[in-house]
Structure formats: structure tokens, C-alpha cells
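To start, the structure itself, in C-alpha cells.
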Amino acid sequence: MSEEQVEIVSEAGLRARLKGRGGRGDRSPLGTWFWDTDRVLLLLTLALIAVGLLAVAAASPASAVRYSGEHVKFPPLYYFWRQVMWVAVSLPVLFITSMLPVNTARRLAVLGCGVFAALLAVTPLIGVTVNGARRWIGFGLAQFQPSEFLKPCFIVTVAWLLSLRARDESLPVTAITFALTGLVAAMLMLQPDLGQTIIFCAVWLALLMIAGTPWRTIAAFVAMAPAALVAAYVFYGTARARIDAFLFPDAEGTGASDHFQTNAAHATLTAGGWTGTGPGGGRVKFGLPEAHTDYIFSVIGEEFGLIVCMVIAVMFLAIVVRVFVKLLDEQDNFKLLAAGGLATQFGAQALVSMAVNTGLAPSKGMTLPFISYGGSSMIALSIGMGLLLTFTRRNPFLLRSPYVTRWGAM
């Protein structure tokens with residue numbers, strides 16, 4: 001064989017080995033993930049994380065001043081650098097979770113639901129009290145909030161249970177999920193955590209609707225909501241104080257501090273006008289409690305303007321709408337329910353957080369997804385978004401009509 005023939009053969013072999021790599025035909029694990037994953041959804045998520053880092057950098061000086069004392073003094077960007085660390089931990093979690101096979105993701109989520117539900121049950125006994133609520137377990141950097149990690153696992157578990165109805169309609173899946181949701185709600189109210197309780201119950205009702213539960217059943221559960229709120233008002237002082245502060249802003253008493261927070265949040269949000277004071281130019285934020293966590297949306301309003309706040313709200317809406325549009329032709333009941341539930345939880349949490357910052361809802365201690373500071377929140381949201389990317393992942397050629405394929409081959 002001549003040198004020219006050897007060169008041609010080598011070139012042909014190289015082309016064969018490289019064929020499909022980096023293109024739509026690349027079926028390596030990384031190539032499959034890249035082409036089958038909703039890249040727009042992933043980019044929107046990464047954009048929110050980037051916005052979150054800027055927002056925490058803006059809020060960090062105010063929180064550092066507020067929480068510094070005689071013996072401890074935090075540097076201005078203390079919370080920003082810690083958030084960078086949490087993002088560095090969370091991004092691999094997000095990507096790895098999004099690469100899991102659907103069945104593996106489901107099994108791990110069901111297992112996680114059992115583990116974190118057990119941890120939630122013992123939180124009132126061994127947890128750490130912060131701002132009057134016992135929601136954290138651990139110490140120092142090892143502190144975490146079991147309810148944050150339970151949310152995505154709970155949603156996937158309920159979605160799996162409801163999807164079993166397609167195999168056997170006699171299974172009492174609605175009653176089982178009702179009992180599970182009630183148990184989680186009871187454990188959350190022992191902390192107490194009314195905000196998370198509302199999120200869990202709202203997502204469960206959304207899953208029932210997506211699953212095609214009869215409207216009479218859903219209406220019966222919805223009718224129970226006022227009774228539950230009245231019970232929370234009567235038996236839980238924290239809930240009563242926050243509701244009183246929201247309904248009767250001029251009243252004195254235990255709710256005065258909550259009203260002060262909502263007033264401070266509104267003042268900070270509107271201080272920068274439409275375009276903001278510019279990064280680092282905010283001054284009203286220094287009188288805002290929890291500027292880096294619960295009220296970070298207000299800090300964004302002061303320093304970057306109300307226009308940026310609206311853009312962020314549209315980004316959250318775009319993520320939810322894109323997921324549900326993508327699910328319009330989903331044929332797998334479990335993936336439909338799991339992705340729909342995760343998108344609902346993501347949107348509901350963002351909506352509640354922004355409503356609190358704008359004074360449209362009582363203070364609930366709800367973080368803004370991917371933007372507020374917090375290790376537990378960031379890692380748990382990364383798990384949830386990774387699962388959402390897993391359940392919306394698809395190869396568009398697999399479901400192509402045989403007629404289209406036949407004509408395309410001619």
C-alpha cells in the first residue's frame with residue numbers, strides 16, 4: 001500500500017472516529033445530555049444565578065453592618081464571597097442531577113423524600129432556633145434546612161404516586177398524597193413555617209389538577225384552606241402576628257416588627273426609581289432587615305431600578321411558561337406531573353417572595369429562587385432545577401412522525 005493510500009485510510013478512520021462528535025448525531029453521554037437538555041431553560045437558570053451574585057454583592061454591605069457587633073465585625077462583601085462558594089458547590093450539583101436517567105432520578109427523589117421527612121420530624125427537637133423559628137439542623141457552615149431539600153423530593157414522590165393511577169385506577173393515590181401532604185404540613189407548623197406550608201399545599205393541589213383529579217375533589221380541598229388559615233391564626237402566635245401586621249398596619253403589639261419590615265422593604269424597593277441608584281449607591285437598604293435573604297428583591301429595586309425588577313419577574317415567568325409549553329405534548333404521565341410540579345413550586349416561591357417585598361403579602365421568610373443568599377436554598381434549588389431539566393429532557397427525533405421520516409429519507 002502506497003503512502004498516499006495509507007494517508008487516505010488514516011484520514012478516513014479519523015473522520016469515522018470523529019463523526020457525530022459535537023453534532024446532533026453525537027450519542028456519547030455528554031453529547032446526549034447537551035442536545036437533549038432544554039438549553040434555553042438552562043441558560044435562564046444560569047442567568048438568574050448570575051443576577052443573584054450581583055444582588056448579594058449589593059446587599060452584602062448592609063447585612064454586614066447590621067450583623068456586626070462589638071466582638072464580631074463582618075467585611076462588606078462577607079456574604080457575597082460566601083455566596084460565591086455556595087454557587088461553586090451548587091453548579092456541579094445542578095449539572096450532575098440534570099444528567100441522571102429518569103428512573104434513577106425518580107428513585108433517588110423518593111429515597112430523599114423519606115430521609116428529609118425524617119429529618120424534618122426531628123427538627124423541632126434538635127434544630128437550631130433562628131429569629132424565633134426552629135428550622136435548621138447542624139452548626140456553623142454545616143447548618144441546613146431540611147424543608148428546602150424536601151420540596152423537590154416531595155414533588156417527585158407525589159408525582160410518582162399520582163402517575164400510578166394510570167396503571168390501576170383503583171389505587172387510593174389521592175388519599176395517600178393527602179395524608180403525606182398533611183403530615184409534612186403538620187411538621188412544618190411545629191417549627192413554625194407557614195410560608196413553606198403554603199408552598200407544599202399549593203404544589204400538591206396543582207399536581208392534583210394536572211393529574212386530572214375530579215373538580216369536586218379539588219374544590220373540597222380548596223374549601224379547607226380558609227379553615228386551615230383560621231387554625232393557624234388561632235393556634236400559632238407567629239402567624240397571628242404577621243397576619244395582624246398585614247391587615248392592621250397601624251396596630252401596636254407583636255406584629256409591629258413585621259410591619260416595620262414590610263414598610264422598610266417597600267421604601268427600599270422604590271428608593272431607586274425606575275433606573276436605580278447604581279451598584280453600591282443604595283442607602284435605604286442599610287435600614288432593611290435580612291437585606292441579603294428575604295428582602296433582596298427590594299435591594300435590587302433600589303440599586304438597579306424597577307425596570308430590572310420587572311425583567312427578573314419576566315425571567316421567572318419565562319421559566320414556568322417554557323416548562324408548561326414543553327409539556328403540552330408530553331406522553332409520560334410521571335414526567336408530566338414531576339416537571340409540572342417542580343415548575344409550579346419554582347414559580348410559586350418566586351411569586352410569594354416578590355409579593356412580600358412589594359407589600360402584597362405578609363412577611364413569610366421566603367427566599368427568592370437563585371437570587372437570595374443561602375446555602376441550603378441554593379443547593380436545594382439546584383437539585384430541583386436539575387430534576388426539572390431531567391424530566392424535560394428529550395430527543396425530538398424519537399417522536400418524529402414516521403411519514404416525516406419516510407419523506408425525509410427520499
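Residues that are open to solvent by 60 Å² or more (accessible area, probe 1.4 Å) and touching a helix residue (DSSP H, G or I) at 6+ places or on another chain (Cβ under 6 Å) do occur in the stretch 125-135, at least one of them.
Among the residues of the stretch 167-179, is any within 23 Å of residue 383 (Cβ to Cβ), open to solvent by 10 Å² or more (accessible area, probe 1.4 Å) and modelled with pLDDT of 85 or more? For the stretch 167-179, residues within 23 Å of residue 383 (Cβ to Cβ), open to solvent by 10 Å² or more (accessible area, probe 1.4 Å) and modelled with pLDDT of 85 or more: absent.
Restricting to the stretch 186-206, name every residue that is in contact (Cβ under 8 Å) with a residue 40 or more places away in the chain, hydrophobic (A, V, I, L, M, F, W, C) and open to solvent by 10 Å² or more (accessible area, probe 1.4 Å). Answer for the stretch 186-206, where residues must be in contact (Cβ under 8 Å) with a residue 40 or more places away in the chain, hydrophobic (A, V, I, L, M, F, W, C) and open to solvent by 10 Å² or more (accessible area, probe 1.4 Å): 187, 189, 190, 194, 198, 202, 204, 206.
Scoring residue 98 on the criteria (1) at pLDDT below 90; (2) of a type in the set (Ser, Thr, Tyr); (3) surrounded by 19 or more Cβ atoms within 10 Å (Cβ to Cβ) leaves a single failure, condition (1).
For the stretch 315-338, the set of residues classified as of a type in the set (A, V, I, L, M), in contact with a helix residue (DSSP H, G or I) (Cβ under 8 Å, 6 or more places away or on another chain) and open to solvent by 70 Å² or more (accessible area, probe 1.4 Å) consists of 317 only. As a summary of the residue check, residue 355 satisfies the conditions (1) part of a helix (DSSP H, G or I); (2) in contact (Cβ under 8 Å) with a residue 12 or more places away in the chain; (3) within 17 Å of the chain's Cα centre (by Cα) except for the one numbered (2).
Pairs linking a residue in the stretch 48-75 that is within 20 Å of residue 378 (Cβ to Cβ) to a residue that is among the polar types (S, T, N, Q) and open to solvent by less than 10 Å² (accessible area, probe 1.4 Å), with Cβ atoms under 6 Å and 6 or more positions apart or on different chains, are 56/83. Residue under question is residue 382, and the condition is that it be open to solvent by less than 10 Å² (accessible area, probe 1.4 Å), at pLDDT 80 or above and over 24 Å from residue 113 (Cα atoms); does it hold? Answer is no for this residue.
If the condition is being at pLDDT 90 or above and surrounded by 18 or more Cβ atoms within 10 Å (Cβ to Cβ), then the stretch 14-41 contributes only 41. When the residues of the stretch 345-378 are filtered to those that are in contact with a Leu (Cβ under 8 Å, 6 or more places away or on another chain) and over 25 Å from residue 82 (Cα atoms), which remaining residue is surrounded by the fewest Cβ atoms within 10 Å (Cβ to Cβ)? My answer is 358.
In the stretch 291-314, the residue that is nearest to residue 339 (Cα to Cα) out of those that are surrounded by fewer than 22 Cβ atoms within 10 Å (Cβ to Cβ) and not hydrophobic (A, V, I, L, M, F, W, C) is 293. Suppose we filter the stretch 294-329 for residues that are hydroxyl-bearing (Ser, Thr, Tyr) and not in a helix (DSSP H, G or I); how many remain? Total satisfying the criteria: 1.
The values are calculated or read from the model by the stated rules, or taken from the named source; none is laboratory data. These numbers were taken from a predicted model, which means no experiment stands behind them. Positions of Cβ are backbone-derived with ideal geometry, glycine not excepted, and every protein chain shown enters the neighbour counts. Accessible surface is based on the protein model in full, side chains and every heavy atom, while ligands, DNA and RNA are left aside. Shrake-Rupley method; radii C 1.70, N 1.55, O 1.52, S 1.80 Å.
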